[in-house]
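> Encoded as structure tokens, here's the structure I'll be asking about.
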Amino acid sequence: MAKSSLPGFDIMTLGQIYDWLDERLGVKEVVAFAKKKVVPEHAYSFWYYWGGMSLFFFLVQLVSGILLLVYYRPGEGAYDSVRQLVYEIDFGWLIRSAHSWAANLMIFAVFVHMFSAFFMKAYRAPREFGWWTGLGLLGLVTVFGFSGYLLPMDELAFFATKVGLEIPKNMPGMRPIIENIVQGGPDVSSVTIQRFFALHVVVLPLLFLPLLTFHLWLVMKHGNAVPPSEEAKPAPQRRTVPFFPNFFIKDLAMWLIALNVLAILASLYPWQLGVQADPLMPAPEGIHPEWYFMNQFELLKILGRILPGMAGEIGGVLVFTLGGVLWGLIPLFDTSSRFGSRARIATWFGFMVIAGLIGLTLLGYYEVAATQS
Ligand code: HEM
């Protein structure tokens, strides 16, 4: 067949453009592959959209983050550059607000995605690596959040980071490591900003992007898991829809909803910039970390009241480390098919983890409000 060419400035139909691209890039093969891939459809299909939603917010972070880089200056001038961005640069406040809101929405979406994968038992063989790479991504997004929080260097950012770093500093042998490597001195300062900035815009993306690619490749390879209730049905009763275009269009619709939610939040509730941090001032009353660290913060406070001295903090860190290890090992524990006793134990463990995280977070906010009133 004669190769179609871009014929100078002749007007081409869409079909001709498609054929032209196909001859050069093999577009039809990709579309055929996407059409062959199917997604299960059942009562819990709604929960399949949250991985894509996490991906959407991550893309927003990439774009808005690159725009923020145009004006942001790490180091001594960090606060001034953010103030300039918010008050002097056209739409600077909106880009900053979108970046901060999308960060929170992304972490929320990742949590929903993780628990839906958990309750659908999507960690079972052969999807264990989907679970482990996902946990790696969760770890990285929380470090993204923590490192980004300091960058404007307002009062809240400074003291919340200081309080956050105090916890690992109090672990045996950790103080010199945190001070020399993380903070770059005995206290949080402009040197710390420089380090957090490098972490936030270079190191974390370099780790995140290959891990995310691997995570998505695993989903492509194994397809979506079905929950045990669906697995129990005989094969002819199980329904599927083609990924392209059926599921893909619904995915796009969810992205559109996510974009609307983000636009409403970012424009009607602009992210605030507090007063510039003064390291010589005492920490304001009720200083607390971001909501996704509140559960750990509260547990440390509770154990600190029960156990004397450092034992409370060490105990708190141990509880969370142990919980995280058990959470990671769940694919090796719940290997039974469908509804075995291990499957039931795992499900109850999941409910306890959700209840514990939500309970500690609410208690944390209640106590913060009580100290401020
Ligand atoms: C930024 C972080 C993340 C992104 C962008 C992401 C993205 C995705 C996407 C697009 C899918 C396919 C659609 C779906 O099933 O929802 C998926 C599947 C999956 N993800 Fe994630 N994910 C992230 C974090 C996590 C976390 C924290 C976990 C759990 C620890 C996890 C575990 C899984 C599993 C097990 C699957 C396969 C689900 C199935 O077979 O149905 N992911 N992820």
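> Filter the range 113-134 for residues that are within 18 Å of the chain's Cα centre (by Cα), of a type outside the set (A, V, I, L, M, F, W, C), under 19 Å from Met352 (Cα atoms) and more than 6 Å from the ligand (Cβ to nearest atom) and give the result.
Ser116
> Can you spot a residue in the range 146-153 that is of a type in the set (A, V, I, L, M, F, W, C), modelled with pLDDT under 95 and at negative phi?
Checking the range 146-153: not a single residue is of a type in the set (A, V, I, L, M, F, W, C), modelled with pLDDT under 95 and at negative phi.
> Residues in the range 292-303: is at least one of a type in the set (Val, Ile, Thr), within 29 Å of Ala122 (Cα to Cα) and either open to solvent by less than 50 Å² (accessible area, probe 1.4 Å) or touching a strand residue (DSSP E or B) at 6+ places or on another chain (Cβ under 8 Å) (or both)?
no
> Moving to a separate point now. Give me the residue from the range 135-163 that is of a type in the set (Val, Ile, Thr) and open to solvent by 20 Å² or more (accessible area, probe 1.4 Å) and, out of that set, farthest from the chain's Cα centre (by Cα).
Out of the qualifying residues, it is Val163.
> Among the residues of the range 312-365, which ones are hydroxyl-bearing (Ser, Thr, Tyr), assigned to a helix (DSSP H, G or I) and more than 24 Å from Glu166 (Cα to Cα)?
Ser341, Thr347
> Let me ask another. From the set of residues in the range 63-82 that are open to solvent by 70 Å² or more (accessible area, probe 1.4 Å) and either more than 26 Å from the chain's Cα centre (by Cα) or touching a residue at least 40 places away in the same chain (Cβ under 8 Å) (or both), which is nearest to the ligand (Cβ to nearest atom)?
Selected residue: Leu69.
> What are the residues in the range 233-257 that are at pLDDT below 95, hydrophobic (A, V, I, L, M, F, W, C) and exposed (fewer than 13 other Cβ atoms within 10 Å of the Cβ), if any?
Across the range 233-257, the qualifying residue is only Ala235.
> Surrounded by fewer than 21 Cβ atoms within 10 Å (Cβ to Cβ) and away from the ligand (no atom under 12 Å from the Cβ): which single residue out of Trp101, Trp93 fits that description?
One residue alone meets the criteria, Trp93.
> Among the candidates Leu14, Leu25, single out the residue that is more than 16 Å from the ligand (Cβ to nearest atom), at pLDDT 95 or above and either more than 30 Å from Val201 (Cα to Cα) or of a type in the set (Phe, Trp, Tyr) (or both).
Leu25
> Let me ask another. Pairs only if they're at least six apart or on different chains, beta carbon under 6 angstrom, first in the range 136-152 and farther than 17 Å from Ala109 by Cα, second open to solvent by 20 Å² or more (accessible area, probe 1.4 Å) and assigned to a helix (DSSP H, G or I); list them, first residue then second.
Ser147/Leu199; Ser147/His200; Gly148/His200
The values are calculated or read from the model by the stated rules, or taken from the named source; none is laboratory data. Treat the numbers as computed from the prediction; the structure is a model and nothing was measured. Neighbour counts are summed over all protein chains in view; Cβ atoms, including those assigned to glycine, are modelled from backbone coordinates with ideal geometry. Note: areas computed on protein heavy atoms with side chains; ligands, DNA, RNA excluded. Shrake-Rupley method; radii C 1.70, N 1.55, O 1.52, S 1.80 Å.
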